[in-house]
Amino acid sequence: MTVLTGSPPRHGIGEAARRSGFSMDTLRYYEKIGLLVDIARTSTGQRCFSDADLGWLRMLRCLRDTGMPVAEMQRFTQLCRAGDHTVPERVALLERHNARVEEHLRDLREKQAGIAAKIAHYRGLSA
């Protein structure tokens, strides 16, 4: 844990929550399970999020919003922290996730087509 002395926090947990769309409880949980690491603290123990931390939160938000399981998010975090030699494994993990996202989008498009067909049917009845 990094302790900041003499300088105000760049972004408190409330601001980080607002900017990331995660709740403060989620940010605390993510820190507890290792998705957020080395979050600086003030001398009074308050979390201080850097711009880099906020950038990482944007990545986590993207992964979560596209359905990546927490366990995979943890693995991705571990790989990122381990260094550049893990880039091929990171790429593979993200490619697998991207394929699942693409499949989900195809499924949604098919279902959307069904909805559009039903709308057209009902419009035809009222014409």
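When segment 97-127 is examined, which residues are found to be at pLDDT below 95, part of a helix (DSSP H, G or I) and among the small types (Gly, Ala, Ser)?
Passing the criteria: only Gly124.
Considering only residues of segment 22-74 that are surrounded by 13 or more Cβ atoms within 10 Å (Cβ to Cβ) and of a type in the set (Gly, Ala, Ser), which is farthest from the chain's Cα centre (by Cα)?
For segment 22-74, the residue satisfying everything is Ala40.
Among the residues of segment 75-88, how many are touching a Leu at 6+ places or on another chain (Cβ under 8 Å) and either loosely packed, with under 14 Cβ neighbours inside 10 Å or not hydrophobic (A, V, I, L, M, F, W, C) (or both)?
3
Does any residue in segment 39-58 that is in contact (Cβ under 8 Å) with a residue 24 or more places away in the chain and under 22 Å from Gln74 (Cα atoms) come within less than 6 Å, Cβ to Cβ, of a residue that is in a helix (DSSP H, G or I) and not acidic (Asp, Glu) six or more places away or on a different chain, and which pairs are these?
That search, which allows pairs on different chains as well, returns Arg47/Ile13; Phe49/Ala16; Leu54/Arg19; Leu57/Ser20.
The values are calculated or read from the model by the stated rules, or taken from the named source; none is laboratory data. In this text the structure is predicted, and so the values were computed from the model without any measurement. Quick reminder, even Gly has a Cβ in these numbers, built from the backbone with ideal geometry, and neighbours come from all protein chains shown.
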